[in-house]
Each structure stands twice: as structure tokens, then as C-alpha cells.
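Comments concern the structure below.
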Amino acid sequence: NAGVMQNPRHLVRRRGQEARLRCSPMKGHSHVYWYRQLPEEGLKFMVYLQKENIIDESGMPKERFSAEFPKEGPSILRIQQVVRGDSAAYFCASSPSDSREAFFGQGTRLTVV
Amino acid sequence: RKEVEQDPGPFNVPEGATVAFNCTYSNSASQSFFWYRQDCRKEPKLLMSVYSSGNEDGRFTAQLNRASQYISLLIRDSKLSDSATYLCVALNTGGFKTIFGAGTRLFVKA
């Protein structure tokens, strides 16, 4: 049973480009969380999704950021018109329900140059 | 006020020491609690769940006090390999999200 898979592991984008981060949850997990971690800082909740639904996006910046978890395929975190301040590690986690512990992917390290 | 607050750290301890981490949560609706460990530039990994009755796993003991909204992690006989950041986590099923504390760094030195 593969763990949470994130790709790419490293992503470099120029300012103004779009970044797409993918997350495939563990088999049987229908709950997906996205977190951002800035260098030397803790994890910050961004969004919580179930299949085809955004349950809580209170941690998402109001502009340029969006997330989806379609019926088929991975969850996608999309950042439009990236800026230097978007450089961070983005972690995805999945759980089988909303009352169980979450398991993390290895993260995508986004660098905006 | 942050929903989950932890000791700021870092904690610098010698091998063999006992170290305790504290954590408080503000949302009384939080249902489940966990400690995660995160090594430098790696993903967080579940260390242990936290129950009201307290639970122990080898050198690690976790406690939950719902009345005080307080969680603790005790590490006995620290090893060099325990050096990491320890994250306190509260799961609020009412709000459907898992809240992580900022983490406490532990450095165990020979």
C-alpha cells in the first residue's frame, strides 16, 4: 500500500508563472489536507478537501491559490502568478476519515526565482 | 491566540536526559490529539496518539488533560536520534481540520 505521493518533489518557477502541485492520497483515504511550511516555521493549514468537495479553505490566501480533489485523479494545489513569497514546502496529508490521524507525503519544495 | 500553542524551544539536552514538551489547545471541541515528529527537511510522521488515560510507547509517554486543554509528551533516556521537531496536533471534527502547533525543536547532544 503506497503512502501519500506528492509530485513533483522540487519545483522551480519564475515570478508570474503557475505552479501545480499534485497529491495522491493513500489507498482508501478520501480526506486530503494541504499545508504550507515556510523555512524555519511550523506547518500552516491551507485547505481540507474530500472527493469533489472543499470542506474548509480558511487557510488559503484569497487570491491566486486554488485546490481541487476530483472524483478521479490526484488532488491539485494550484498557485497562479507565483511570487517569491510563495517559496515554501507544501505538504499534503490524507486520512481515512475526519477523526483519524493524517499521513503525510514527502512534500513539494517550491522555489520562485 | 493560536489554536494550538507549544513551548517555543529549542530544547538542548544531553543524552540520557528526560525532556517534557507541553502544548495547549484553545478549541474545546477538539476531539483527537496526536504528537508528530518532523526531521529537518522531511515530512511530519505520526509519533503517537494521545488519550485521556495517558499512553506510553517505550521511552515516550503522552498525556491529555481535557479540563485544562493541555497535552504533554515526555521523552525518557533521550537518544541522539530523538533530535527533531515535535509537533502537537489537535483534530477538530467540528471544524473538520487538523491544527498543528508550530513545533518544538529538540537537540540531544552527546
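Accessible surface for residue B:24 stands near 50 Å², nearest 10, in the context of the full protein assembly shown (1.4 Å probe). The stretch A:1-43 and the stretch B:1-56 have Cα centres lying 23 Å from one another. Computed from the alpha carbon atoms alone, the convex hull of chain A holds 97 Å³ per residue. The mean of 1/r over all distinct Cα pairs in chain B, once inverted, gives the Kirkwood hydrodynamic radius of 14.0 Å.
Sequence neighbours fewer than 8 away in the same chain don't count; with that in mind, list the lysines whose C-alpha is under 23 Å from residue A:62. List returned: A:44, A:51, B:2, B:97. A viscosity of 1.567 mPa s and a temperature of 4 °C, combined with the Kirkwood radius over Cα pairs in Stokes-Einstein, give a translational diffusion coefficient for the protein assembly as shown of 72 µm²/s. With a Förster radius of 25 Å applied to the beta-carbon distance between residue B:5 and residue B:29, the computed FRET efficiency rounds to 0.90.
For the protein assembly as shown, which whole percent of the accessible surface, found with a 1.4 angstrom probe, sits on carbon and sulfur atoms? Whole-percent figure for carbon plus sulfur exposure: 47. For residue B:80, the solvent-accessible surface computed with a 1.4 Å probe is close to 80 Å², ligands and nucleic acids excluded. For A:75, B:52, the ranking by accessible surface with the largest value first comes to B:52, A:75, using a 1.4 Å probe. Using a simple spin-label model with points 7 Å from Cα along the Cα→Cβ vector, what separation in nm is obtained for residue B:40 and residue A:109? The answer from the label model is 1.2 nm. For chain A, the relative contact order works out to 37 percent when only alpha carbon pairs closer than 8 Å and six or more residues apart are counted.
Unpaired Cys in the protein assembly as shown, meaning no second Cys C-beta under 4.7 Å: B:40. The accessible-area ordering, largest first, of the residues A:51, B:97 stands as A:51, B:97, per a 1.4 angstrom probe. The residues of the stretch A:17-105 expose, per residue, 47 Å² of accessible area to a 1.4 Å probe.
Spin-label pair residue A:100-residue A:7: with each label point 7 Å from Cα along the Cα-Cβ axis, the two points sit 2.5 nm from one another. Here is the interface size for B with A: some 1700 Å² of accessible area buried, both sides summed, with a 1.4 Å probe. Annotation for residue B:81 and residue B:109: the two label points, set 7 Å from Cα along the Cα-Cβ direction, are 2.3 nm apart. Here the contact order of the stretch B:2-84, divided by its residue count and restricted to Cα pairs under 8 Å and six or more residues apart, works out to 32 percent.
Taking amide H positions as modeled 1.01 Å from N, with prolines and chain starts lacking one, the residues under 5 Å from residue B:48 and 5 or more places away or on another chain are B:35. Of B:11, B:107, B:60, B:33, the residue with the largest accessible area leads and the full order is B:107, B:11, B:60, B:33 (1.4 Å probe).
The values are calculated or read from the model by the stated rules, or taken from the named source; none is laboratory data. This structure is a prediction, so every number in the text was calculated from the model and none was measured. Positions of Cβ are generated from backbone atoms using ideal geometry, with glycine treated the same way; all protein chains shown enter the neighbour counts. Calculation scope for accessible area: heavy atoms of the full protein, side chains included, ligands and nucleic acids excluded. Shrake-Rupley method; radii C 1.70, N 1.55, O 1.52, S 1.80 Å.
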